[in-house]
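Heads up, the thing below is written out as structure tokens.
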Amino acid sequence: MTKACMASATLCAMLGACQPDHSATDGDTMLEAVAPEDRMSALPKKYPATLAGRAVLPYESRLSMPADMPEEMRLSGKFTNPEKPLMESPGEFEGVSFISDPAAPRLTGIRFPIEGQPLQGLSGMTAAGDGTFIATLDNGFGTRQNSKDAALAFVQLAFRWETNTVEVLKESFLHDPDRILPLDIVNGGTEKRYLTGSDLDPESIQVVGSDVFIGEEFGPFLLRADLDGKITGFYEARLGDDTIRSKSDNPLPVPGATRQLYKSSRGFEGMGLSHDGRFLYPLLEGPLVDPTSAEPESQDGKPVLRILKFDVAKQQFVSDSYRYRLEQAGNNIGGFNFISENEALVIERDWGEGDTSLACGEEITSSCFNAPATFKRVYKVSFDGVGPGEAVRKLGYVDLMAIRDGDESFTMPFITIENVIKATENHIIVANDNNYGFSVGRTLGVNDDNEVVLLEVSDFLRPAR
């Protein structure tokens, strides 16, 4: 790969000057339609993307542990070995890519347990408004069962394109001292009540004033916290009069679902915020069960996901919802952020990792990719003229497996690409969740880093006419 063109000082300054205004207004909502003749064609168009910068948060990075963090949290990953309930010594178990063939496992080079808490898994991102970004970290090691000692946190980051580095400016650990959460938590007997990946799975994040809203996957739930990570609000997913629950991961002790996700987890993977800051739009990762067929909800033969709507001022879900239609069964969504009143960016991806040039042939070994990445896209979608219950329109996309880098091509061959945000009028930022200990998409034998790329996509970002 040739060296990417680094962002200039002017561009770096622009990153803090082109963020949307999230102050509350009494203006029109973003979903009010414009004339139908102004709409673009319904057929999504492919747009070029050029690598303008790349910053890496190494997988070896660690969180700074608070002094009052429980002692048992200082050695993490103790529950990651499925054949041993609890490991007590560092390095007993070697991580393996969770989509590699069981007969030919691809090692990640990480051995569990590890000292401290890994700073990993960028699962959702939003602009702080000053040129920095706030990202939520995922639940730890992938499941409720193996993440009992993984601390939940969100972090403030600065991307240093000129040095290809990520600077961590602040760490905010999620905690529930006021007992807002109506569920049992691992550290429930402590004063601070730090949350773990066995309690919740944060996947998306938005900031409105001094409130931090986090979309959670296990429930699914919407959480509210302050800027230091203290939980201040808890909301179950609602679709009209229905309560949505995950198939089996929901940690609430009592039943109550009237609509169910077709598969476990698959909650609020993405979450957009309207430009006026009035509404959040949490996007489910998986389809709901169709009550008439007991199959996943679909439209025109393709799975559809629900985009719910939450009124920030009233602190409640409203009845309106929208749909996002996946291109093919088995795809998932990642990040979701608005770029204008009516347009948003959504990551849609397959369940593969690794470049196709290293795909396995007839023989599957640990030195090739048995399920290489083929479908990794950023779609631009429009809510213009879309009524409640209808599917947003896909206007175009950028192929993350075909990014220009001088005379060469740069790819993002990661299984979970979960962050997309508009940086300037001509650039977007895209980042992966590195699934600490369990993903090998970039280099065989080495766990993925959290990679953040700056892409020049001028044509792609032009408003639809």
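Residue exposure proxy: ILE99, ILE347, ordered by other Cβ atoms within 10 angstrom of their Cβ from fewest to most, comes out as ILE99, ILE347. Projected label points at GLU92 and GLN145, each 7 Å from Cα along the beta carbon direction, are separated by 1.7 nanometres. Based on DSSP H segments of at least four residues, each scored -39500 (n - 2.57), the chain has a per-residue ellipticity at 222 nm of -500 deg cm²/dmol.
Computed over neighbours whose Cβ is under 9 Å from that of THR50, the net charge equals -1, Lys and Arg +1, Asp and Glu -1. With 21 Å as the limit on Cα-Cα distance, the pairs of LYS314/LYS380; LYS309/LYS394; LYS247/LYS380; LYS78/LYS247; LYS302/LYS380 that go past it are LYS314/LYS380; LYS247/LYS380; LYS78/LYS247. Per-residue 3J(HN,Hα) values for segment 323-337, derived from phi via the Karplus relation 6.51 cos²θ - 1.76 cosθ + 1.60 with θ = phi - 60°, read 10, 10, 9, 6, 6, 7, 4, x, 6, 10, 9, x, x, 7, 8 Hz in sequence order (x marks Gly and Pro). Straightening the chain between GLU295 and ARG74 buys 75.2 nm, computed as 0.36 nm per residue apart minus the Cα-Cα spacing. Taking other Cβ atoms within 10 Å as a rough exposure proxy, LYS309, LYS302, LYS78 sort from fewest to most as LYS302, LYS309, LYS78.
The Cα-based radius of gyration and maximum Cα-Cα distance (Dmax) for segment 44-156 are 17.0, 53 Å. Between ARG404 and ASN164, the contour length at 0.36 nm per residue exceeds the Cα-Cα span by 84.6 nm. Other residues with beta-carbon under 11 Å from the beta-carbon of ALA150 carry, at +1 per Lys or Arg and -1 per Asp or Glu, a net charge of -1.
Taking 0.36 nm per residue of separation and subtracting the Cα-Cα distance, full extension of the segment from SER319 to SER264 would add 17.4 nm. Calculated from the alpha-carbon coordinates, segment 131-222 shows an Rg and a Dmax of 14.2, 46 Å respectively. Normalised by the number of residues in the chain, the mean separation of alpha-carbon contacts (under 8 Å, six or more apart) gives a relative contact order of 20 percent. At an R0 of 56 angstrom, the distance between the Cβ atoms of ASP101 and ASP211 translates into a FRET efficiency of 0.80. Find the all-direction average of the projected area of the Cα convex hull for segment 307-380, expressing the result in square nanometres with one decimal place. Hull-based average projected area comes out at 7.4 nm².
Applying both filters, DSSP loop and at most 10 other Cβ atoms within 10 Å, to the GluC sites (Glu not before Pro) of segment 61-157 gives GLU83, GLU88. Annotation: amide H of LYS230 within the under-5 Å range of HIS175, sequence separation 5 or more or interchain, hydrogens built in the peptide plane. Ellipsoid fit via the Cα gyration tensor, the chain: semi-axes of 30, 27, 23 Å, each the root of five times an eigenvalue, largest first. Ordering SER204, SER357 by the number of other Cβ atoms within 10 Å of each residue's own Cβ, fewest first, gives SER357, SER204. Rounded to the nearest 5, the antiparallel percentage of DSSP beta bridges internal to the chain is 90%.
Any read-out appearing in this document is the output of simple, stated calculations on the displayed coordinates, not a laboratory observation. What you see is a predicted model, and the numbers here were worked out from it, not measured in a lab. In this analysis, Cβ positions are derived from the backbone assuming ideal geometry, glycine residues included, and neighbour counts consider all displayed protein chains.
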